[in-house]
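Some notes on the structure that comes next.
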Amino acid sequence: MDGFLCAAALASLVVTVIEAGGSSWTYGETNGPAEWQTSYPNCGLTRQSPINLPDPQEMDFDSSLKPFKLSGFLNPQEYKLKIFNNGHTVQVNVEEGNLMVEGGGLPGRYKTAQFHFHWGRDDSQGSEHRLQDRGFPLELHIVNYNEKYGNLSNAVARERDGLAVLGFFFVVSDKGDNSGLTTMLNKFNDIKSKGSMAELSGFSIDSMLPFASGNGARFYRYSGSLTTPPCYESVIWTLFENTIPISAKQMAMFRKLQEDATPNSGHVIVDNFRPLQALGRRQVARSFDVNSASGQHLSLLALFLVILCYI
Ligand SMILES: [Zn+2]
């Protein structure tokens, strides 16, 4: 082999090894979450995700956590999406378009790269984060990178401010299908097996969210990591208080996606969530004051009663 061929062969070997390493982790027993840190040391660090969000009363109210402003999410004509099954989850990549996330106390503007989901085998579990020990059947992660780092792969390994992930919990509703999810779920048939991909046109990301763009005001905030290898601790996490409704029938469609490429293998993707990680010395903040309004009314009432008693 001449030098060029040697170099090309070596490069392809390196790519193969990296891809093999990258795809070897699972949510099961073998190469499961407890073993991730063997191949990916960051997974064993102390600022990991997901976490159990404590009682909002125990969180600090942070007045710098202003409402979010999401721009470019509303009109599907203005962006191009691709949906694919990577064997771990269903992921939608933003191929073209200018979807931006700012406000929410973020240190700059963040550009949306992709969103994906985590879900359970039944409705009792599935979300990665928990709220006061309560799990949800499905959790959406919208992954955004800090604009100053230029692209996702450049931002992902940065300390603390590289990524901003927006998390939403779903609750199963008996009020029928969530029409905001229909266009996306209709594509699930085309991406049933691992490695399959399809264009997702005409899907408004905004219609999936539990508030109008720019209206996300009530949320929880902490500093953490990617919840999959390589577990970089570069994520500013936001979990919104508003949940998204989904019907039981729609929920079942997630549980039909396969973790392998063999047609009708029956090896479906379920329970693709990482176990809870210790909060450690970190604080979870909230963007809203739980003692406002009703609390103030109560203290005014108490003052009034005290005055009455003394008259
Ligand atoms: Zn995720």
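For Ser225, what residues show an amide H to amide H distance below 5 Å, using hydrogens built from the backbone and excluding near sequence neighbours?
Result for Ser225 returns Ser49, Val235.
Relative contact order for region 52-199: what percent, with Cα pairs under 8 Å and sequence separation of 6 or more?
23 percent
Please tell me the relative contact order of the chain in percent, rounded to the nearest whole number, where contacts are Cα pairs under 8 Å and at least six residues apart. The partial results should precede the final answer.
Details: 668 pairs, mean separation 75.5, N = 311.
Here the relative contact order equals 24 percent.
Which residues' amide hydrogens lie under 5 Å from the amide hydrogen of Leu200, considering only partners 5 or more residues apart or on another chain, with H built in the peptide plane?
Counting only residues 5 or more places away or on other chains, the set is Leu81, Lys82, Ile83.
Looking at the chain, what % of the alpha carbon pairs are farther apart than 30 Å?
It works out to 37 percent of all Cα pairs.
What number, rounded to the nearest 500 deg cm²/dmol, is the helix-based mean residue ellipticity at 222 nm of the chain, given -39500 (n - 2.57) per DSSP H run of at least four residues and division by all its residues?
Helix contribution divided over all residues of the chain: -5500 deg cm²/dmol.
Taking all protein chains in place and a 1.4 Å probe, what share, in percent, of the accessible surface of the chain do carbon and sulfur account for?
Accessible surface attributable to carbon and sulfur in the chain totals 54 percent.
Which ³J(HN,Hα) values in Hz, rounded to whole numbers, follow from the phi angles of region 220-228 under the Karplus curve 6.51 cos²θ - 1.76 cosθ + 1.60, where θ = phi - 60° and Gly and Pro get x?
The phi angles translate into 10, 9, 8, 9, x, 9, 4, 8, 10 Hz.
May I ask you to give the solvent-accessible area per residue for the chain, in square angstrom, as obtained with a 1.4 angstrom probe?
Accessible surface, normalised per residue, equals 50 Å².
List the lysines whose alpha-carbon lies under 26 Å from that of Lys187, not counting same-chain residues fewer than 8 positions away?
Lys80, Lys82, Lys111, Lys175, Lys249, Lys256
With everything on Cα atoms, drop me the angle between helix 294-310 and the longest principal axis of the chain, reported from 0 to 90° to the nearest 10.
Long axis of 294-310 versus the principal axis of the chain: about 20 degrees.
Quick check on packing: order 90-101, 230-241, 252-263, 155-166 by the mean number of other C-beta atoms within 10 Å, highest mean leading.
230-241, 155-166, 90-101, 252-263
Summing Lys, Arg as +1 and Asp, Glu as -1, what charge do residues with Cβ under 10 Å from the Cβ of Thr26 carry, Thr26 excluded? Let's see the in-between values first.
Numbers: positive: none; negative: Glu29, Glu35, Glu259.
Cβ neighbours under 10 Å give a net charge of -3.
In nm, to one decimal, how far is the Ala212 label point from the Asn86 one, both placed 7 Å along Cα→Cβ?
Result for the modelled spin labels: 3.4 nm.
Please sort 67-79, 108-120 by packing, taking for each peptide the average over its residues of neighbouring beta carbons within 10 angstrom, highest first. Intermediate results must be reported in sequence, preceding the final value.
On the way: 67-79: 17.2, 108-120: 21.6.
In decreasing order of mean packing, 67-79, 108-120 become 108-120, 67-79.
The values are calculated or read from the model by the stated rules, or taken from the named source; none is laboratory data. If you're wondering where the values come from, they're calculated on a predicted model, not measured in any experiment. A quick note on method: Cβ atoms are made from the backbone with ideal geometry, for glycine too, and the neighbour counts reach across all protein chains shown. Only protein heavy atoms, including side chains, enter the accessible area calculation; ligands, DNA and RNA are left aside. Shrake-Rupley method; radii C 1.70, N 1.55, O 1.52, S 1.80 Å.
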